[in-house]
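The values are calculated or read from the model by the stated rules, or taken from the named source; none is laboratory data. Since the structure is predicted, the reported quantities are computational estimates derived from the model, not experimental observations. Here the Cβ is made from the backbone with ideal geometry for all residues, glycine too, and neighbour counts use every protein chain on show.
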Ligand SMILES: Cc1cc2nc3c(=O)[nH]c(=O)nc-3n(C[C@H](O)[C@H](O)[C@H](O)COP(=O)(O)OP(=O)(O)OC[C@H]3O[C@@H](n4cnc5c(N)ncnc54)[C@H](O)[C@@H]3O)c2cc1C
Ligand SMILES: NC(=O)c1ccc[n+]([C@@H]2O[C@H](COP(=O)([O-])OP(=O)(O)OC[C@H]3O[C@@H](n4cnc5c(N)ncnc54)[C@H](O)[C@@H]3O)[C@@H](O)[C@H]2O)c1
């Protein structure tokens with residue numbers, strides 16, 4: 001006998017937890033199904049612990065900048081407080097009691113186990129079958145995408161989960177993939193004394209972002225003593241008692257005590273019964289409409305939708321689904337001003353289109369670039385002042401469609417530009433407003449002056 005409920009949410013990561021909690025608070029009968037930990041990847045193995053590592057690494061880097069600026073400082077890295085903070089503060093030793101109670105406290109019912117669609121409006125989970133009155137939400141997130149490098153499937157490589165739960169830093173670390181996960185974790189470990197080599201297949205780090213961003217991050221990592229190999233393809237991996245050997249197509253062999261594979265993520269949608277509702281389980285992601293609807297009575301949020309693997313995207317989409325299920329008014333999903341922040345030092349903030357993407361769309365593009373070290377605040381800041389502001393204007397409409405803000409507070413400086421892209425603020429208006437002196441964001445004014453085809 002199937003149990004009747006209003007909504008079943010499969011996967012209780014940031015997206016699923018938000019939509020399930022919101023609907024339960026609204027008085028619906030909601031079942032949240034979770035195979036691992038309520039809260040998902042972000043608090044236990046991703047955003048939160050990685051940012052704790054980065055915060056610690058940044059403290060060390062700032063202390064190392066004291067000579068010549070403020071006296072002398074002796075810096076002795078110790079991983080123990082970082083590992084303890086991740087275990088005790090961030091993850092409760094990877095125990096989700098608090099998160100589970102948060103959901104049940106809102107009136108939801110948590111079912112532990114793997115959820116699976118069993119036809120339209122039906123979900124099997126935890127040995128039970130649920131039939132929904134309003135709908136099912138798929139929020140099953142993503143897992144690491146492992147590239148088909150010969151030998152990789154038979155060696156004990158690290159994923160992000162091992163990298164953020166390590167009790168001590170490795171002596172040396174090979175990082176395969178120079179995207180957000182790769183560069184953030186590479187720099188954090190290097191600052192604790194690990195000898196790090198980053199291997200990226202494309203011709204630059206952070207290849208999805210502006211070329212200036214990847215070039216800057218590569219230069220800074222190089223200055224900090226990391227080895228960076230771009231346009232480098234791995235042709236094989238070996239593992240023995242001494243660690244890992246990564247063989248590149250060029251013939252070069254790189255070695256490391258550990259190997260972190262950070263080559264992207266893959267939505268968890270292959271084994272959730274999509275075929276039982278007429279959808280393709282081999283699809284790369286779930287195609288949604290503006291209300292996140294995949295099929296009648298079936299919504300999707302978060303990494304499974306392919307709109308950007310970010311917690312803020314998962315939560316944004318979750319709110320849209322909550323409104324749709326409750327019949328509340330509100331705008332459709334709009335990704336024009338999707339913000340990204342890569343928490344390297346310098347941070348790389350980005351919103352909207354890159355120059356390349358804007359040109360590909362056929363827009364009449366003007367770009368403006370301002371370097372942070374030559375701004376007043378950058379010059380004052382001195383050590384650690386690397387960064388820039390790059391603007392992408394749709395000159396036909398006189399509005400910004402993209403921006404990148406790299407620098408000591410790049411992720412924060414981004415906010416004003418995200419508003420400008422979202423609200424289509426005329427560039428002429430941005431040019432004639434007042435920018436506080438001497439802030440990092442004043443470089444936006446410089447970049448606006450530089451806008452040209
Ligand atoms: C190292 C790292 C750092 C990151 N840092 C940031 C950052 O700083 N900022 C940011 O915005 N994003 C960051 N991200 C991305 C962010 O973690 C994800 O975008 C976010 O967790 C996605 O949320 P989600 O709800 O879609 O899925 P997930 O967090 O993946 O949660 C999905 C949940 O569904 C469960 N599940 C899967 N299949 C089933 C099933 N069949 N039945 C029941 N349960 C199931 C899983 O166990 C999981 O708990 C980072 C990612 C990584 C790897
Ligand atoms: N600060 C943040 O918000 C943050 C931090 C970490 C991760 N994330 C999210 O998680 C997602 C996954 O991160 P990621 O870094 O794993 O993926 P990614 O897609 O951002 O980067 C993966 C990188 O690996 C490279 N690559 C792929 N195959 C390769 C191979 N065989 N050899 C060498 N390089 C290879 C790609 O060219 C790419 O540069 C990100 O896209 C982002 O959405 C966000």
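For segment 282-310, give me each residue that is in contact (Cβ under 8 Å) with a residue 40 or more places away in the chain, within 15 Å of ligand 2 (Cβ to nearest atom) and in contact with a strand residue (DSSP E or B) (Cβ under 6 Å, 6 or more places away or on another chain). Of everything in segment 282-310, those that are in contact (Cβ under 8 Å) with a residue 40 or more places away in the chain, within 15 Å of ligand 2 (Cβ to nearest atom) and in contact with a strand residue (DSSP E or B) (Cβ under 6 Å, 6 or more places away or on another chain) turn out to be 303, 304, 309. Only one entry in 231, 218 is modelled with pLDDT of 95 or more, more than 7 Å from ligand 2 (Cβ to nearest atom) and in a loop (DSSP other than H, G, I, E, B), namely 231.
Kindly indicate whether residue 89 is on the phi > 0 side of the Ramachandran plot, away from ligand 1 (no atom under 14 Å from the Cβ), loosely packed, with under 15 Cβ neighbours inside 10 Å and outside any strand (DSSP E or B). Considered against the rule, which asks whether it is on the phi > 0 side of the Ramachandran plot, away from ligand 1 (no atom under 14 Å from the Cβ), loosely packed, with under 15 Cβ neighbours inside 10 Å and outside any strand (DSSP E or B), residue 89 comes out as no.
Listed by first and then second residue, the pairs linking a residue in segment 1-28 that is without any contact (Cβ under 8 Å) to a residue 60 or more places away in the chain to a residue that is surrounded by fewer than 19 Cβ atoms within 10 Å (Cβ to Cβ) and part of a loop (DSSP other than H, G, I, E, B), with Cβ atoms under 6 Å apart and 6 or more places separating them unless they lie on different chains, form an empty list.
Among residues of segment 195-212 that are surrounded by fewer than 17 Cβ atoms within 10 Å (Cβ to Cβ), those with a Cβ under 7 angstrom from a residue that is outside any loop (DSSP other than H, G, I, E, B), sequence gap 6+ or separate chain, pair up as 207/214.
Collect the residues in segment 312-350 that are in a helix (DSSP H, G or I), within 15 Å of ligand 2 (Cβ to nearest atom), surrounded by fewer than 21 Cβ atoms within 10 Å (Cβ to Cβ) and touching a residue at least 60 places away in the same chain (Cβ under 8 Å), keeping them in residue-number order. Across segment 312-350, the qualifying residue is only 315.
Taking the listed residues 117, 110, 185, 174, the one that is more than 16 Å from ligand 1 (Cβ to nearest atom) and either within 30 Å of residue 252 (Cβ to Cβ) or touching a strand residue (DSSP E or B) at 6+ places or on another chain (Cβ under 7 Å) (or both) is 174, with no other qualifying.
Just to check your reading of the model, which residue among 302, 273 is closer than 28 Å to residue 411 by Cβ and crowded, with 16+ Cβ neighbours inside 10 Å?
The match here is 302.
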